[in-house]
Amino acid sequence: MGVDESNLTIHIAKDNGITKKMKILCGVTLVALAAWTLTGVVDANEDSAVNSKSAEPTGPLALATFGGGCFWCTEALLETLDGVHSVVSGYAGGHKENPTYKEVCAETTGHAEVVQVSYDASVITFNELLSYFWQAHDPTTLNRQGNDVGTQYRSVILYHDEEQKLAAESSKSQAAGSFDDPIVTEIVKFEKFYPAEAYHQDFFRKNPNQGYCYFVIRPKLKKFGKNK
């Protein structure tokens, strides 16, 4: 899902007659590329609201931060869970303040694509989120998820306190038995989270027929739903 300046440029017509340009996202399969123009990509100036459940939380909200490859995928999957109040796509684990998507994709900032999950701890626990996290991606591939390759796609859990750290380490050990290859997921202390650009937020919901969404995320959602 990274930006490759050498790739083709898609011209997306807007309602106001102005044509915007957007680079085709690298790591998308050829089939997905052929279907890219099924629908437009939202403009960065449009509504920047993030994925959010409409129901009011019944308990205190807690935060969890995960990196599982393309944040479009992780966002779309985790927002389906009861007890999840909001999911924000962004960047964490790097050394540059306020990184841009282009910089992150160029692997010059050290950041991973992550989602920050705000959840009702009285409805869904951190351990339950961890269980879904392992299901939502392949934690055995280093710096890669499918055709998305790069350090920004690394599998990572950024713990917010010592309790989350211990839970993550225990969950990782338990999950190891479900995979043929060793889990390479990093467990690191959360430092700072930078929300991604507006057009990344709620991407699947706004663009369900866009090529990457249709051919990559949609099948994952179908599979994920069976495991919930």
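Computed from the coordinates by the stated procedures, all read-outs in this text should not be read as laboratory data. On a predicted model such as this, the values are computed, not experimentally measured, just so you know. Note that we place each Cβ from the backbone using ideal geometry, even for glycine, and neighbour counts take in every protein chain shown.
Working only within the range 148-175, note down all residues that are surrounded by fewer than 17 Cβ atoms within 10 Å (Cβ to Cβ) and over 28 Å from Glu107 (Cα atoms).
Scanning the range 148-175 gives Glu162, Glu163, Leu166, Ser170, Ser173, Gln174.
Looking at the range 207-228 only, could you name the residues that are outside any helix (DSSP H, G or I) and either under 16 Å from Phe71 (Cβ atoms) or of a type in the set (Val, Ile, Thr) (or both)?
Answer for the range 207-228, where residues must be outside any helix (DSSP H, G or I) and either under 16 Å from Phe71 (Cβ atoms) or of a type in the set (Val, Ile, Thr) (or both): Asn207, Gln210.
Report, by residue number, each residue of the range 98-132 that is of a type in the set (S, T, N, Q) and part of a strand (DSSP E or B).
If the condition is that a residue be of a type in the set (S, T, N, Q) and part of a strand (DSSP E or B), then Gln116, Ser118 are the ones that fit.
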